[in-house]
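The values are calculated or read from the model by the stated rules, or taken from the named source; none is laboratory data. Just so it is clear, the model here is predicted, and its values are computed rather than measured. Using ideal geometry, Cβ is built from the backbone for each residue, glycine included, and neighbour counts are taken over all protein chains shown. Accessible surface is based on the protein model in full, side chains and every heavy atom, while ligands, DNA and RNA are left aside. Shrake-Rupley method; radii C 1.70, N 1.55, O 1.52, S 1.80 Å.
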Amino acid sequence: MERRIPVAAMWIRKRRWVLMLVPGTVLLVVFFLLPLLTLGRMAFYTYDPIRLYVPALTLENFVKVFSDQYYWSMITNSLTVGFLATLCAVFCAFPVAYYLTTAKGIERTVLTAGFLATLFITLLVTTLGWYIILLPFGVIQRLFEVLGLGSGPLRFIKTIPALVLVLAHAHLPFAVLILASSIQAIGKDKLQAARTLGASPWSIFWRITIPLTMPGIVSSAILVFTLSISAYLIPVLITGQKIPLLPIAIWTYSSEVLNWPFASAIAITLFAVTTVFTYAMILVSDLVTRRGKWKVV
Amino acid sequence: MERLSKGMEALDAVLRAAGLTKKFGTLCVLDDFTLEITRGEVVTLLGPSGCGKTTTLHIIAGIESPDGGEVYLRGENVTRLSPQRRRVGMVFQRWALFPHMTAYENVAFGLQMRRMKKPAIRQQVAKMLAVVSLPDVAEKYPSQLSGGMQQRVAVARALATDPDLLLLDEPFSNLDEKLRRGMQIEMKSIQESIGITTLCVTHNQEEALVLSDRVAVMFGGKIVQMGKPEELYSSPNSRFVCGFLGDANTFEGTIVGTQDGKVTVAVGAIVLSGVCSAEMEPGKGVFVSVRPERVGIVRSLSEERSGSVLHGHVKEIHYKGATTAYVIDVQGVRFEAVEPSGASVRRLCKEQKVGIEIEASAVLVLDTAGEGGA
């Protein structure tokens, strides 16, 4: 009664799990890969005031981006803002995440829920909140005046520090939650072992905690960096056109000037910059912590 | 007087825990726990999980602080001293090696923390890795080592800083049976070669018996009985200790007579004579224990030697390789007897009629009152 299964049918049967990858793959191909390829191709077209774009294969858009001082400052602005926001967010998130892992029971639930709740509030509302705080004659300025630190209209609102502050705040919950899970994974006994071996809290932090949480630090940094460097809404509301940034320029060229080829070129530039920077971050941290050589035991 | 006793202490007591108490919420984990360990001694705290043994270890290491009581190391009160400054080495249950450091770096960690010079560190690490017989793995990461090797690295790391006291927290529970036995023996030889004072915590009775000079059986945050392994095994003071250390035939019985240190006890329909430490009156309900290896099997019932042989028949046979256990029914009372399964003894078969003979010294009669648990 044994039924012989054809070899081909067997081959398919053994790989049935591949079917589960189909929905995700389709989604990514249709809504990410294809648009990205279109964008990539568009970057090599030329602009035409009447037909909008003319298919071509020219580097003139990229030449324009990289030869103009203005666009260079845009790239450095974006990188600076992204980098500082990441530094700020991870730096602030670490102690919070550490505290979260030591918290127990209801305190922990409340804290975690609190962090998640900030993600439920629309970005527009949180950013407008910041806007009011940072505004000339706003909360911060009043505070400065009360403390006698200065008077007159404060020009803080349209500056890079203000933007970094708001971006770091908006992306803080992601960093906290990622870091908390990686701090949790260290294992209390390793820290206790270090203590019995005579390590000071400072040495424990630098020699045990940081290296062992490096994967979490890197992934939270990547997340905050990519979110910050590609943020549009927050820069528009906080700094407006005052600080030239890549995402704002992309929007301007694609929706206002309607120069799609040039907008595409800037978009590709942003994409490349982000990718290079992210991989550089991973590479450096891997070198520092000798990652890949060891596994968690 | 105070001074003198302190000086004496410094001479041979490495650890003295006095009246340690610890509560987690309403749960009392340690209740007036007192223990003293002299130099070079290996003491094991043995008990079921939740009896407070790991908490004791943590308090001695300084990882946790007691609610009451004091810890003295080499005569100095260290109760409020941080673990960094106690000079105590600890091997954790899951070894707690630093996964991002090589075996060498793990062992060197404590020495670096003590700001030792590099050449001295190199020398000491090499020496420690040789002690645990792992000279060739210095550059390997913990994930590249087997369980037994990781365990040795953990031991080397704990010993590298030359601590006054070595604490072992269930150090072998993560190893498989065979490796565990090998490591226990090796640990004992390492301990003997260095002569380090050791406090070990385990729930494995065999481990406790193999490793230690003295065993303290713990239950409910207290030491129930403490003594040499053979003392605890042969004369437990309570039903709990008796049941926790080794196998035993245990019965409820009633005293029927006493005569110069010996008692006769009725267990079901049979009468056994045994020994008891306390004074007991006839009619008192007691707890009776007989180790299976002390139950002698009499095969030929024709040559009956005395009245001490009880007649019964074999109910169950459990072959265990080196030994064979027989369950023998004597007038409704079940005795387990263990014999070596060598070729020299004839194996019994089911329902075979046999006799059992138990020396009075093998029958332990214990008071049922005032017991920890069981």
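Does any residue of segment B:67-87 lose at least 40 Å² of accessible area with all protein chains in place compared with its chain alone, and if so which ones (probe 1.4 Å)? With the partner chains in place, segment B:67-87 has these residues losing at least 40 Å²: B:PRO83, B:GLN84.
What dipole magnitude, in Debye to the nearest 20, does the protein assembly as shown give about its Cα centre under +1 on Lys/Arg Cβ and -1 on Asp/Glu Cβ? Display every interim value, and only then the final one.
Numbers: 66 positive and 53 negative charges, 508 e Å.
Computed charge dipole of the protein assembly as shown: roughly 2440 debye.
Based on the Cβ-Cβ distance of B:ASP164 and B:SER308, what FRET efficiency does E = 1/(1 + (r/R0)^6) give at R0 = 41 Å, to the nearest 0.05? E(calc), rounded to 0.05, equals 0.20. Exposure check, 1.4 Å probe, all protein chains in place: B:ASP176 carries approximately 100 Å² of accessible surface.
Starting from segment A:18-69, pick out the trypsin sites (Lys or Arg not before Pro) whose DSSP state is loop and whose Cβ has at most 13 other Cβ atoms within 10 Å. It would help to have the intermediate numbers written out before the result.
On the way: sites: A:ARG41, A:ARG51, A:LYS64; in loops: A:ARG51.
Of the trypsin sites (Lys or Arg not before Pro), the ones in loops of segment A:18-69 whose Cβ has at most 13 other Cβ atoms within 10 Å are A:ARG51.
Find the centroid of the Cα atoms in segment A:134-183 and in segment B:146-161, then give the distance between the two in whole Å. Using only Cα atoms, the two centres lie 49 Å from each other.
Rounded if a/c is under 1.5, else prolate if a/b beats b/c, else oblate: with a ≥ b ≥ c from the C-alpha gyration tensor eigenvalues square-rooted, which is the protein assembly as shown? Verdict is prolate for the protein assembly as shown.
Determine the share of the protein assembly as shown's accessible area contributed by carbon and sulfur atoms, expressed in whole percent, with a 1.4 angstrom probe. Numbers along the way, then the final one.
Details: 21480 of 34660 Å².
Carbon and sulfur atoms account for 62 percent of the accessible area of the protein assembly as shown.
Taking each residue of B:89-96 in turn, how many C-beta atoms of other protein chains fall within 10 Å of its C-beta, and what is the average? Show your work: numbers first, answer last.
Working: counts 3, 6, 2, 7, 1, 4, 4, 10.
Mean number of neighbouring Cβ atoms from other chains: 5.
In segment A:166-205, burial by the other protein chains removes 50 Å² or more of 1.4 Å probe accessible surface, compared with the chain on its own, from A:ASP189, A:LYS190, A:GLN192, A:ARG195, A:THR196, A:LEU197.
Longest stretch of chain B clear of exposed loop sites (GluC sites (Glu not before Pro), DSSP loop, at most 12 other Cβ atoms within 10 Å, sites excluded): B:140-278. Interface B-A: total buried accessible area of about 2400 Å², 1.4 Å probe, protein heavy atoms only. Across all C-alpha atoms in segment A:77-199, the radius of gyration and Dmax reach 18.5, 56 Å. Normalised per residue, the accessible area of segment A:67-296 is 50 Å², obtained with a 1.4 Å probe and no contribution from ligands, DNA or RNA.
For chain B, what is the accessible area per residue in Å² when the probe is 1.4 Å?
Values: 17240 Å² over 374 residues.
Here the residues of chain B average 46 Å² of exposed surface.
At q = 0.10 Å⁻¹ the log10 of I(q)/I(0) for segment A:67-296 amounts to -0.58, computed by Debye summation with a single uniform scatterer per C-alpha, solvent ignored.
Could you list the trypsin sites (Lys or Arg not before Pro) in segment B:223-320 that lie in coil according to DSSP, counting only those with at most 11 other Cβ atoms within 10 Å of their Cβ?
On the way: sites: B:ARG239, B:LYS262, B:LYS284, B:ARG294, B:ARG299, B:ARG305, B:LYS315, B:LYS320; in loops: B:LYS284, B:ARG299, B:ARG305, B:LYS320.
Sites meeting the loop and neighbour criteria: B:ARG305, B:LYS320.
Charged side chains reduced to their Cβ positions (Lys and Arg at +1, Asp and Glu at -1) give segment A:67-296 a dipole of some 800 debye around its Cα centre.
Prolate is the label for segment B:309-369, because a/c, from the alpha-carbon gyration tensor with a ≥ b ≥ c as root eigenvalues, is 1.5 or above and a/b exceeds b/c. Think of chain B as having a plus end and a minus end, set by charges on the Cβ of Lys, Arg, Asp and Glu; of B:GLY75, B:VAL267, B:MET149, B:MET149 sits farthest toward the positive end of this dipole.
Inside 10 Å of the C-beta atoms of A:207-214, what's the mean count of C-beta atoms belonging to other chains?
Numbers: counts 7, 5, 0, 1, 4, 3, 0, 1.
Whole-number average of other-chain Cβ neighbours for A:207-214 is 3.
Hey, got a sec? Which trypsin sites (Lys or Arg not before Pro) in segment A:184-242 land in a DSSP loop and have at most 16 other Cβ atoms within 10 Å? Intermediate results must be reported in sequence, preceding the final value.
Working: sites: A:LYS188, A:LYS190, A:ARG195, A:ARG207, A:LYS242; in loops: A:LYS242.
The qualifying sites are A:LYS242.
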